[in-house]
Amino acid sequence: MDLFAGSEPEPLVAARSDSELARAFLYSSELSANSIKSTKKDLGRFLLWCQQHGKMLYQLHIEDLIAYKAFLKDPQPEEIWVSYTKWPRNDERWRPFSGPLSEPSIRQAFRVVKALLEFAKNAGYLRRNAGALVKNIKTARGARVTRYLSPQAIAQVQASLDLLSATTPSRIKAKARDRFLFVSYITTGARLSELTTAKMGAMYTEGDGRWWLDVIGKGSKPRRLPVASDMLAAFHAYRLAFQLPIHGTRDDVTPLVLATRGRVLAAVTDEAASNAMKSLFWTAAALAESAGDPDSASALRRASAHWLRHTMLTTHANNEVSLKALQDTAGHTNISTTAVYLHKSDKERHDELMGSFNRSRNK
């Protein structure tokens, strides 16, 4: 079938296939490297799903997109779509999903699909856009962040760090680097990529005893994060492990988070940093299990580096740090996003009701 037959005007895009169209869409906007990476993943999953269902973009109906919304929430059959081990893309064991997507990831994945179809329609690649008639996946009102670690789970992670082997130069570096990574995430609330793209010179003091870390957040917006004493101590130990002077300089362009292999000081990849934290969490989960704490063990097995950002924000929100201060630290555009970390009112409501029940029993 000739998609462009008839008297329709020539498309504004040179793409002659869905994959070429997706590539044109991906690079038509000025996205950051991390946004390109995540959007590319969402596009790839969608095009694979279409292929599995024998559909090209011009053949999609409203019902297809509704089905894809349901699929994102539960990718089935699991043996085709999900692998909890990350295999290389060219390995036959590779799968598009490494586990269930979080609610924000599901919403973003479908927004990418709708944006792709809108782009295709506006560019003249499609004559119609079924996505225009399908609503976005809704955000649950009054949702509370649940992907964070309890103080008990954090204690198990810290114990796991102490148990890391430091018998070779490479392992000494890895132990110091992973401790610095963990403490940085848990005390600054930075996103994973915000740390891995920063430079050593981004950690500094202005001479008044306050230390700061400059990062570049979403939308290429700069942000200044307060540095806790624990993070500063971990930073100094980490630099010494890499045989660097304990104090850096503002013009130091050495990557903040270093790979532990090789003689050249090179930045660690996002994937390697993520895997380092996940490995640490799995060790901590085993410790929690042996200590008779199944709740912490369960949370740690599901945790990722991003949970540490949630943990930091949840902790401070419930310790009465102002939401405005947390909003600026987290880099949230809307303060309502920051408010979902405030669990204190829920806990107080729970305690008040349970206290009432107990008083009634004792009458």
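The values are calculated or read from the model by the stated rules, or taken from the named source; none is laboratory data. Owing to the predicted nature of the structure, the values given are computational and were not obtained by experimental measurement. All Cβ positions, even for glycine, are placed from backbone atoms using ideal geometry, and neighbour counts span all protein chains on display. In case anyone asks, the SASA skips ligands and DNA or RNA and just uses the protein heavy atoms, side chains included. Shrake-Rupley method; radii C 1.70, N 1.55, O 1.52, S 1.80 Å.
The gain in end-to-end length when the V264 to W282 segment is fully stretched comes to 3.5 nm, 0.36 nm per residue minus the alpha carbon separation. Here the Gaussian network model covers the chain, with springs between Cα atoms less than 10 Å apart; of V157, V321, V268, V321 fluctuates the most. The chymotrypsin sites (Phe, Trp or Tyr not before Pro) found in the range 55-145 that occupy coil by DSSP, while having at most 16 further C-beta atoms within 10 Å, are Y84, W94. Within straight-line reach of K135, meaning a Cα separation under 24 Å, sit the following lysines at least 8 residues removed in sequence or on another chain: K40, K41, K55, K69, K73, K114, K121.
Placing unit charges on the Cβ atoms only, positive for Lys and Arg and negative for Asp and Glu, gives the range 284-357 a dipole magnitude near 280 debye about its Cα centre. For the range 212-351, a simple Cβ point-charge model (Lys and Arg +1, Asp and Glu -1, everything else neutral) yields a dipole of about 400 debye relative to the Cα centre. Apolar share of the accessible surface for the range 195-251: 54 percent from carbon plus sulfur atoms, 1.4 Å probe. Where a ≥ b ≥ c are the square roots of the eigenvalues of the C-alpha gyration tensor, would you call the range 212-326 rounded, which needs a/c under 1.5, or, failing that, prolate if a/b is larger than b/c, or oblate? It is oblate, given that a/c is not under 1.5 and a/b is not larger than b/c.
Among all lysine pairs in the range 161-244 that are eight or more places apart or on different chains, how many have alpha carbons less than 25 angstrom apart?
Total qualifying Lys-Lys pairs in the range 161-244 comes to 4.
Dipole of the chain computed with +1 at Lys/Arg Cβ and -1 at Asp/Glu Cβ about the Cα centre; of A15, N136, F46, farthest Cα towards the positive end is N136.
So, R0 is 41 Å and r is the distance between the beta-carbons of V321 and A14; what FRET efficiency does that work out to, to 0.05? So the FRET efficiency works out to roughly 0.20.
Net charge dipole, the chain: roughly 280 debye, given to the nearest 20, about the Cα centre with Cβ charges of +1 for Lys and Arg and -1 for Asp and Glu.
Could you tell me which of rounded, prolate or oblate describes the range 57-114, using a ≥ b ≥ c as the square roots of the eigenvalues of the alpha-carbon gyration tensor, with rounded for a/c under 1.5 and, failing that, prolate when a/b is larger than b/c and oblate otherwise? It is prolate, given that a/c is not under 1.5 and a/b is the larger ratio.
The GluC sites (Glu not before Pro) found in the range 65-99 that occupy coil by DSSP, while having at most 15 further C-beta atoms within 10 Å, are E92. If r is the Cβ-Cβ distance from R361 to S336 and R0 is 41 Å, what FRET efficiency results, to the nearest 0.05? So the FRET efficiency works out to roughly 0.60. May I ask for the distance between the Cα centers of the range 94-132 and the range 172-245, given as a whole number of Å? A separation of 35 Å, based on Cα centres.
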